[in-house]
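Novice: What follows is a single structure, and I will ask about it in a moment.
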Amino acid sequence: MAPAFDLDEPMRPGPGTGPRRFLALMILMAVRDGADHVFLGPDRTPDVLGASCQYRVAEMLYTLVPPPYAHVRLIAEGLRPFMTRWIGGGDHGWGGWLTVRLAGQVLSVWAAVRDTGPVGQITLGLPLRPDLSADAARLLGAATDASGLVEFLDSEFE
């Protein structure tokens, strides 16, 4: 059985930790703000080569600062060790469920990764858990600086 993606563990930067930290921050922000989906993949704006990161709250899309374009594939691969139930898979992508632990509670998060060129497209479906919003905010506060920002080092994605 795959391990739970534990958001209660401290998120310390270090070599190779970038994909997991980025996923953890996306999930924490989504839970805090009541998002039901998170989207990460290539920017669909014409003539733009870059990544796009958004989440959906009450049918409204909110754009977040994306990681570098080349890191999207690494972030998608960072999901694999935590997948508990696989649904499909093949030449065009894979998906399933992962177990996420937050404030001692267990959430089932649906994940799908589509191969859309060099980086892929990640979609996460999250249960709405307003009861965990304050816990998510507390954990985010511990992971950010005084301005509410998180710094990632290149070595975290190597």
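The values are calculated or read from the model by the stated rules, or taken from the named source; none is laboratory data. This structure is a prediction, so every number in the text was calculated from the model and none was measured. Using ideal geometry, Cβ is built from the backbone for each residue, glycine included, and neighbour counts are taken over all protein chains shown.
Novice: In the set Gly88, Gly96, which member is at pLDDT below 85 and either of a type in the set (Gly, Ala, Ser) or outside any strand (DSSP E or B) (or both)? Write out each step before concluding.
Specialist: On the way: Gly96 fails: at pLDDT below 85.
Of the residues listed, the single one that is at pLDDT below 85 and either of a type in the set (Gly, Ala, Ser) or outside any strand (DSSP E or B) (or both) is Gly88.
Novice: Among the listed residues Tyr55, Tyr69, Tyr62, which satisfies the condition of being more than 22 Å from Thr144 (Cβ to Cβ) and either of a type in the set (Gly, Ala, Ser) or in contact (Cβ under 8 Å) with a residue 12 or more places away in the chain (or both)? Steps first, please.
Specialist: Working: Tyr55 fails: more than 22 Å from Thr144 (Cβ to Cβ); Tyr62 fails: more than 22 Å from Thr144 (Cβ to Cβ).
Exactly one residue qualifies, and that residue is Tyr69.
Novice: Just the residues that are over 10 Å from Leu126 (Cα atoms) and either of a type in the set (Val, Ile, Thr) or surrounded by fewer than 20 Cβ atoms within 10 Å (Cβ to Cβ) (or both), please, taken from the range 101-112. Can you show your working first?
Specialist: Kept after step one, since they are over 10 Å from Leu126 (Cα atoms), are these residues of the range 101-112: 101-106, 112.
If the condition is that a residue be over 10 Å from Leu126 (Cα atoms) and either of a type in the set (Val, Ile, Thr) or surrounded by fewer than 20 Cβ atoms within 10 Å (Cβ to Cβ) (or both), then Arg101, Ala103, Gly104, Gln105, Val106, Ala112 are the ones that fit.
Novice: So which of Leu28, Leu74 is in a helix (DSSP H, G or I), within 22 Å of Glu151 (Cβ to Cβ) and at pLDDT 90 or above? Please lay out each step first, then the result.
Specialist: Working: Leu74 fails: at pLDDT 90 or above.
That would be Leu28, the only listed residue that is in a helix (DSSP H, G or I), within 22 Å of Glu151 (Cβ to Cβ) and at pLDDT 90 or above.
Novice: State the number of residues belonging to the range 53-66 that are more than 17 Å from Gly125 (Cα to Cα) and in contact with a strand residue (DSSP E or B) (Cβ under 6 Å, 6 or more places away or on another chain).
Specialist: Pass one, the range 53-66, residues more than 17 Å from Gly125 (Cα to Cα): 65-66.
Restricting the remaining residues to those that are in contact with a strand residue (DSSP E or B) (Cβ under 6 Å, 6 or more places away or on another chain) gives 66.
Counting residues in the range 53-66 that are more than 17 Å from Gly125 (Cα to Cα) and in contact with a strand residue (DSSP E or B) (Cβ under 6 Å, 6 or more places away or on another chain) gives 1.
Novice: A further question on this structure: Go through (1) of a type in the set (A, V, I, L, M, F, W, C); (2) at pLDDT 85 or above; (3) out of contact with any Phe, Trp or Tyr (no Cβ under 8 Å at 6 or more places or on another chain) and name the single condition Val150 misses.
Specialist: (2)
Novice: Across the range 31-58, what is the number of residues that are assigned to a helix (DSSP H, G or I) and not β-branched (Val, Ile, Thr)? Steps first, please.
Specialist: Just the residues of the range 31-58 that are assigned to a helix (DSSP H, G or I), to begin with: 31-33.
Of the ones still in play, those that are also not β-branched (Val, Ile, Thr) are 32-33.
Looking only at that region, the number is 2.
Novice: Across the range 113-140, what is the total count of residues that are in a strand (DSSP E or B) and within 15 Å of Leu74 (Cβ to Cβ)?
Specialist: We begin by selecting, within the range 113-140, every residue in a strand (DSSP E or B); these are 113-114, 121-125.
Adding the requirement that they be within 15 Å of Leu74 (Cβ to Cβ) leaves 113, 121-122.
The number of residues fulfilling the criteria is 3.
Novice: Answer yes or no as to whether Asp135 is charged (D, E, K, R), surrounded by 17 or more Cβ atoms within 10 Å (Cβ to Cβ) and over 15 Å from Val38 (Cα atoms).
Specialist: Values: charged (D, E, K, R): yes; surrounded by 17 or more Cβ atoms within 10 Å (Cβ to Cβ): yes; over 15 Å from Val38 (Cα atoms): yes.
Spelling it out, Asp135 is indeed charged (D, E, K, R), surrounded by 17 or more Cβ atoms within 10 Å (Cβ to Cβ) and over 15 Å from Val38 (Cα atoms).
Novice: Just need a number here: residues in the range 55-66 that are out of contact with any helix residue (DSSP H, G or I) (no Cβ under 6 Å at 6 or more places or on another chain) and either surrounded by 16 or more Cβ atoms within 10 Å (Cβ to Cβ) or at positive phi (or both). Break it down into steps so the answer makes sense when it comes.
Specialist: To start, the set of residues in the range 55-66 that are out of contact with any helix residue (DSSP H, G or I) (no Cβ under 6 Å at 6 or more places or on another chain) comprises 56, 58-66.
If we keep only those that are either surrounded by 16 or more Cβ atoms within 10 Å (Cβ to Cβ) or at positive phi (or both) as well, we get 56, 58-59, 64, 66.
Number of matching residues: 5.
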